[in-house]
Every structure is written in C-alpha cells, then in structure tokens.
Amino acid sequence: MRRLAKLAIALAVLAVVGAGVGVFLFYVIILDDLPEINKLEDYRPNLITRVLDVDGNEVASFAKERRVIIPIEQVPKPVVEAFIAAEDGSFYEHTGLDYAGILRAAFTNLVEGRKSQGASTITQQVAKTFLLTPERTYRRKLKDMVLARRIEQALSKNDILYLYLNQIYFGAGAYGIEAAAQTYFGKSARDLQVHEAAVIAGLVPRPAEWNPHVDPEMARKKQLLVLHRMVEQGFLTQEQHDNWAAQPLVYAATHWQERDSATAFFVEEVRRFLMERFGGDEVLTGGLTVHTTLDVRQQIDAWRAVRKGLREHDRRMGYRGPLRNVAETDWPALEAELGKANAALVEPAEDRIYQGLVIAVEDAKATLATGPANGDRVTLTLAEVNWAGNPDPNRDGMSPRITKVTQALHKGDLVQLDKTENGKSWNLYQKPLAEGALLAVDLEKSELKAVVGGYSFAASEFDRALQSRRQPGSAFKPIVYAAALARGYTGATIVHDTAVVYDDDSTGSEWKPENYTEDFYGPITLRTALAKSRNAATIRVLSDIGLAPVQSMTKALGIESPMEMNLGLALGNSEVTLAELVRAYTAFATGGRLIDPVFVLDVRDRTGRVLAENIHLLEGQKEPLTPPVSQGGEESAGPAQADLDKVMEKLRQQVETHDTPGLPEGYHLDPVEAYLMTDMLRAVVDEGTGTKVKALNRPVAGKTGTTNDLHDAWFIGYTPEICAGVWIGYDSARNLGKNETGGRAAAPVFLDYMKSALADRPVQEFGVPDGVVFAKVDRATGLLAPAGDDNVIFMPFREGAAPTEVSPASNGSTVARPLRVD
C-alpha cells in the first residue's frame, strides 16, 4: 500500500510538473509574443495621401495601401449584413470563436488530408490582419484563437466591424470597404447598393483572383453566393434576393483618363516636395491631404497645346517613312492581325495609335486597310499627307513637301494612323521627336496654374519646365532693356543697329554680332530694337550700360542660374530654366512684384492639422539636372570665351556702376519701369516677332527667343491675368528646322493655351502706375511728332523723361524695314 501511495504521489507530482511545463510551453510558444490588445484601440492604419486640385477634387494619391477610413456608422446596414453573411454568420452570437465551425473544418481537413477549409470568424480575421503574420500553420491558428477572445473582451462588436471593414484587402490595390467601393463602383461605401456590396463581400477569400477587374465571371458567382447566404441568414427575403440578383453590375471605368496624363508633371512636383519635406513613410502611409493650386481645366488645355504644337512641328520636319513595306502575298494574314489589334483599341488612351496597310495609292489619295473586312478601309487625301515628304533641314516646313500622294505612300506600306479630334477622319501619324514645356502663373492669385514638362510623362518623367537649363536667346533681352530703362533709357531712345566688331589685340580675334535677317536697320528706337529683336542694337545697349546693371537686374528678377558675364549675355547665351524666366517676366506683368508662384496651398495630417501652407514653386528648388547643351548667343555667332572675357574686361573698366535705387516694399522692379517694359513687349506682339499672338484679341505682351543654330525656341508672354512661357527643342540640342523660331514653334503653343485659359475672363488693360505720362512720338526719330505726321505712336514715359524736341516733318515716309520672323 505504501508503495502504491508513493507511486500515486509521484504520478501526481509528475502530473503537476507536466501541467506546469505544458502551461509554461503554451505561454512561451503561444502567449508570450502576443501583442497587447490596446493596439487596436490606437488604430492608425496606413492611409492614402490625397492630392486635391484648387476646387478640392482629388486628382492623385500616393500610398503603400490605398485606404480611406469610413466610420462604421456611415456604412449602410445591408453592406454590413453582406459581410456577416459571407464571412461570419454567427458574428453577433459568438465570443470570438465559432466552435461548431472549427470542428467542421477540422473534420473536413482530416478527411481530405490537407488544410482545405477554415473557420475563422471576423474577429479572428481582425487578429490575423492587424497583429499576426498571415502564415497558415496550427501554431498561428492557436494564437489568433487566443487573441480573438481577448479582442472580444476588449472591444465592442461595432468596433470590431469598424476595424475589419477598414483594414482588409479587396484587390486592385484597394484596402478597406471605402477604397473598394470607389475602385469597383466609383462611389462611396455610403452609397453602395445590396447587389454591389455582395460583390465586394465575395472577394474577401481571394481578392487578387476574384476581383471584377481580373475575373468578372467569378466575381458574379461569388456575388450570387453572398446574396444566397443573406437569405439564409434572414437578411433578405427570396423576393428581395431575386430583385438584387437581377440588377446589372456597372463597374467603374478603369481606362486611361486625359486628366491623369495632363496633370502628371504638376502632381510629380507635388510628390517631390512632399518626399523632401515629410519623408517617404509619412507620404505613403500617413494619410496626408494636400490642397494644391492645380486648375485641371487649364492644365488639360496646357497639355493639349504643347502636344498639338509638337505634332505640328514634327510634320513640318517631314515624314520619316513607314514601319515597313509588306509583300502583297502577306497582306491577308497582316490584315487579319490588324483587325484584331485595331479592334482592341476601344478604350481611350494617351496615344491611341492604329496601324494601316496601304493597299491602293493614286496621285490624289491612298486607300488603307485597318482590318480584313470591306468596312475596314481608310482614305488619306493629298491635303492630309502633303506634309509627308522626305525630311530636309534646309527646306521651310510651312510649304507642302509633296504634290502627289504617291510621293509619300506606296502599296504595301505599313503605317501608323490616328483619328482627328472629331473622330470622323484619319491622319498619318508619327510620334514627335522634339520636346516642349509650358508653365503658367495666375498673376491675380500668385499661383501656379499649369505645368507641362514634356510630350508624355509616361515616356519621360524629366520636367523640362523646372529641371532643364537652356539658352533663352532673345527671350532674355527684356532683362537687358529693363536695366537700360533703369539707367535712363526710354522707349524712344535712339540706338544703332549697325555692324560692330570687337577686337582682341592680344590674339587678333574678333567678334561681329549679326542679326537673324543678316541686315541692319541703322538708327532705331529702343522700342523698335526690342520689337524686331535686333541683336546688334542690343549688343550696343549692353556695351553702353555695362554688365553690372544687367547682372543686378537678373538677380532682382529672381534668376539664380549662373550668368556668362560677357557681351553674349545680351543675346541670351546664359542658360536658365523656363520657370526662372517666367518668374522674371511676372515682375513686368504685375508692375514690379516678382511672383514665385504658390503651388501647394496647404498640407494636413490625418486629423486635419496643418503641417505646411503656401509652398512656393521655386523656393528651395534643387539645381536643374541638365548640363549646358549649347554655346553662343541667340541668333548670332559668339566669340571664344577667353577672347570675349578680355574684351569685356576692357568694357568693365570703362563703365561706371550705379547702385539700384530704392523700391517700394514688396517690389523687385520700379513700377514705372515695369510698365514701360510692358509697353515695349506689347510692341513685340503688335508689330514685331510675336505677331502670331495678336490673335488672342486682348492686351498681351511677350518676347520670342531663338538660340544659335535654331536649337531652342521660346515664347514668354503675359496678359494682366496670366503669365506663361513655352519652350520647344530637342533634349540633345540640335537644329529645329529652317525658320523654326520662337515666333513659329513656341508662340502658337502659348496662343492656344491662353485662348482656353482666358476664355471665360473679361478683357483687361494693363494698369498705368503713377509717374507715367504719354506723348505722341515719331516712330523713326523718337522725337515728338509734328502736326500731320502719320508715322506716330502714343508712347509712355517716366514723368519728366518724354522728348521735348519736335521731329522734322517726315511726311509719313520712313525707310522700309524688313520684317524678320524672329
């Protein structure tokens, strides 16, 4: 007996020890590393950073997980019921675990010899999603069972549903019910109907495979299953079930939208700022709300204008030929392929390019097959392809290159096509090789309204409006002339547009600046020199006033790029960004106030707290990415740098420098001088190199620019409401083509954009500041116009600076002056 008693005691001790060890092991393996339940109460999920336009509409977002939080109280009851029916019918009865379900799943898995069925409740899914790894092991299963019990003890059922519906993944990059509703149905979860909620609820087990974007048939099957379970759970009657099952499923469009491509460069600039200021983690997970100055309509107008201008330029360069020529024996097979490929182009796209096979060609027209059927035929007439001659850099592209269609197209040619804007006819297509940029500032609000950095952001994210430095050519001249006005010049001051040679005695080298038209006007007014973009006259102005005043004016107008301090500065040989040049012109447009435009109005965190506001575009801009691409002054041949430096050293010693007079607070340019510059820049449009812009039919000022060898074409201009700039050129600098100047290549883009941007705005005049007087001046002499003089202009002057001498009677006769294109 004693032995039995001892044995029993020993067994009892072993049992206690074993139980203790079991409890200890259970704690170490299962409970020890379980997270605290209060983490759920401090729910801070990864949220989307949303970018809003000026009207508060979302235009873009940045996120690791696309999630938008919605309070459970705002989720319609039928939507909640769809999820309960689909995932956890006994949700309101259990305390975290569905024991019957667990036994059923265990039996099924045992019979099948694998884990084919689960019994996770919604509470367990919350535990797994938030606090545990997604691994499918029995150890992990035990952990989420324990944790589910703890969650049920700590949180209400509504809290659990709130976490569940906002956290889980629904496919197509959508996390949470709100993002899923927007992704699949283009609406808020608040507005979901029962048949739509059933689709989303059915995705939970396999969202990546079953979502409507991937497999709409499977999504429909799962929807019907959820609706059936809602009947079983008593959430729907059979009649209601039949009604909802019969409702059509209208999914949100997933195709390309023009807005996305048009706003891409603006949005990218916002992203760069956010990443630099707040860091990647906060931007991608913090749920920031970024309110910008982006005007979507203006941005689309700008994007269209740049693309149209680049396509028109590319056509002026000639036709680079077909994709290939196909033997006639291969036509049937190719037509079948074309039919399938072209038929697939049903959705909108940034460049919806078709292919066509030339099957017949005459002098007046060509017939192309876009598929095998008789209805798959396209006609291109001579008028539609008269640009398509061989590229010839020495030929002006404004005149037709061919007189017969047979000179461009041949039977068997496989070519690219696109449809006209009205969709009723076709064009021969080739992707432009040149690039372009546009940047526009609202002068009344001091806000950035549009920025286009290239033909296609998808093809190249490089932003040529902000990141590229190029020589501005004559577009820089207004800065030289503004410095001259500050030194006492007036628009009527006579300057000499005559040949001049600068010698370097030490080397025997010389520099002879030339005009684009290869002629000289002789004595002309400063106003005419700028309007006609006369290089020789501008060089003489710089020689007279010296480099220091121009350097000071450059800095005053916000240009931070380094300047070449030599005579070539007068002709725009120093590289700048488009954004810098536009900012400089804002001082002319506003009467002296320099505008660094705001592009981000405010940034708020997920609680609505303001983190930043009124962020300026060029404030703290990093160095542009492109190295210098060309050398020499605009529209002229520049001297060697070493020689020119020696010439300019002599000039510096001869020129007296003066301090810039004081300006009113907030001004970078004297208001009177700003107005005088505006008047001269209006002359550029009215009678000079920018006459194409006159078609705007409202007061507008601006300046063309074209660099050496036609590498760059510019137009910077403004009305009282908007200042905008356009650049056209190749990324690797090369000739844009014969006569492809700023007036031809860039000004039309400016005009197209401004027509749209100002369409709804009343016409305004430029305000005249105090201290300005007007006088009737003879255009030729710059003196007061005598009675009967019909060669007169009404010109503004600073008070006390108007001419007092009367011009000799001219009888209206003047020396004929050739009109240059830039």
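Could you give the C-alpha radius of gyration of the range 485-573 expressed as a fraction of 2.2 N^0.38 Å, taking N as the number of residues it contains?
Numbers: Rg = 13.7 Å, N = 89, 2.2 N^0.38 = 12.1 Å.
Dividing the Cα radius of gyration by 2.2 N^0.38 Å gives 1.13.
Remark: the range 387-397, residue by residue, has Karplus-estimated 3J(HN,Hα) of 7, 8, x, 5, x, 9, x, 8, 10, 6, x Hz, where x stands for each Gly or Pro and the curve is 6.51 cos²θ - 1.76 cosθ + 1.60 at θ = phi - 60°. Reducing the range 434-509 and the range 517-589 to their Cα centroids gives an inter-centroid distance of 8 Å.
Could you give the length gained by full extension between residue 337 and residue 154, i.e. 0.36 nm per residue of separation minus their alpha carbon distance, to one decimal place? Let's see the in-between values first.
On the way: separation 183, 0.36 × 183 = 65.88 nm, distance 6.30 nm.
Length difference between fully extended and current span is 59.6 nm.
How would you classify the range 355-458 from its alpha-carbon gyration tensor, with a ≥ b ≥ c the square roots of the eigenvalues: rounded for a/c under 1.5, else prolate if a/b is greater than b/c, otherwise oblate? It is prolate, given that a/c is not under 1.5 and a/b is the larger ratio. Counting only Cβ charges, +1 for Lys and Arg and -1 for Asp and Glu, the dipole size of the range 218-352 around its Cα centre is about 240 debye.
Listed peptides 322-330, 738-746 appear in the order 738-746, 322-330 once ranked by packing, highest mean of other Cβ atoms within 10 Å at the front.
In this structure, the pairs whose alpha-carbon distance is over 28 Å, taken from 77/221; 404/692; 157/222; 77/222; 445/694; 512/694, are 404/692; 512/694. From the Kirkwood radius over Cα pairs of the range 678-749, Stokes-Einstein at 4 °C and 1.567 mPa s returns a whole-number translational diffusion coefficient of 107 µm²/s. In this simple spin-label model, placing a label point 7 Å from the Cα along the Cα-to-Cβ direction at both residue 512 and residue 761 gives a separation of 4.7 nm. For the range 673-685, 3J(HN,Hα) computed residue by residue from phi via the Karplus equation (6.51, -1.76, 1.60; θ = phi - 60°) reads 5, 4, 5, 4, 5, 4, 4, 5, 6, 5, 5, 4, 7 Hz, glycine and proline entered as x.
Each 5 Å bin, from zero up to the one with the longest distance, holds this percent of the alpha carbon pairs of the range 675-815: 2, 10, 16, 15, 14, 14, 13, 9, 5, 1, 0, 0. Given R₀ = 51 Å, what would the calculated FRET efficiency be for residue 602 paired with residue 359, taking r from the Cβ atoms and rounding to 0.05? Rounded to the nearest 0.05, the efficiency is 0.30.
The spacing between the range 699-719 and the range 278-308, judged by their C-alpha centroids, is 27 Å.
Listed highest first by mean packing, meaning other Cβ atoms within 10 Å per residue, what order do 694-706, 457-469 come in? Display every interim value, and only then the final one.
Values: 694-706: 23.6, 457-469: 20.1.
Per-residue Cβ counts within 10 Å, averaged per peptide and sorted highest first, yield 694-706, 457-469.
Packing-wise, with mean Cβ within 10 Å as the measure, how do 523-535, 723-735, 482-494, 769-781 rank, highest first?
Result, highest mean first: 523-535, 723-735, 482-494, 769-781.
The label point for residue 398 and the one for residue 612, both projected 7 Å from the Cα toward the Cβ, are 4.6 nm apart.
When Rg is the radius of gyration of the Cα atoms in the range 153-224 and Rh is its Kirkwood radius, what does Rg/Rh come to? That ratio is 1.00, to two decimals.
Close amide H contacts of residue 572 (hydrogens built in the peptide plane, cut-off under 5 Å, sequence separation of 5 or more or a different chain): 634. Annotation: amide H of residue 443 within the under-5 Å range of 722, 723, sequence separation 5 or more or interchain, hydrogens built in the peptide plane.
For residue 241, what is the net charge nearby, where nearby means another residue's Cβ is under 14 Å from its Cβ and Lys, Arg count +1, Asp, Glu -1?
Working: positive: 229; negative: 81, 232, 239, 242.
Net of charged neighbours comes to -3.
Quick one: work out Rg over Rh on the C-alpha atoms of the range 372-433, Rh as Kirkwood radius.
Numbers: Rg = 13.0 Å, Rh = 13.2 Å.
So for the range 372-433, dividing Rg by the Kirkwood Rh gives 0.98.
Amide H contacts under 5 Å for residue 326: 413, 414, restricted to partners 5 or more places along the chain or on a different chain, H placed in the peptide plane at 1.01 Å from N. In this calculation the C-beta distance from residue 414 to residue 804 is compared with R0 = 45 Å, giving a FRET efficiency of 0.05. The string of couplings for the range 157-168 from the Karplus curve (6.51, -1.76, 1.60, θ = phi - 60°) is 4, 5, 4, 5, 5, 4, 5, 4, 5, 8, 9, 6 Hz, one whole number per residue in order, with x for Gly and Pro.
No lab work stands behind these numbers, since they all come straight from the coordinates. Note that the structure is a prediction, hence the values are computed from the model and not measured. Don't worry about glycine lacking a Cβ; one is built from the backbone with ideal geometry, like all the others, and counts go over all protein chains shown.
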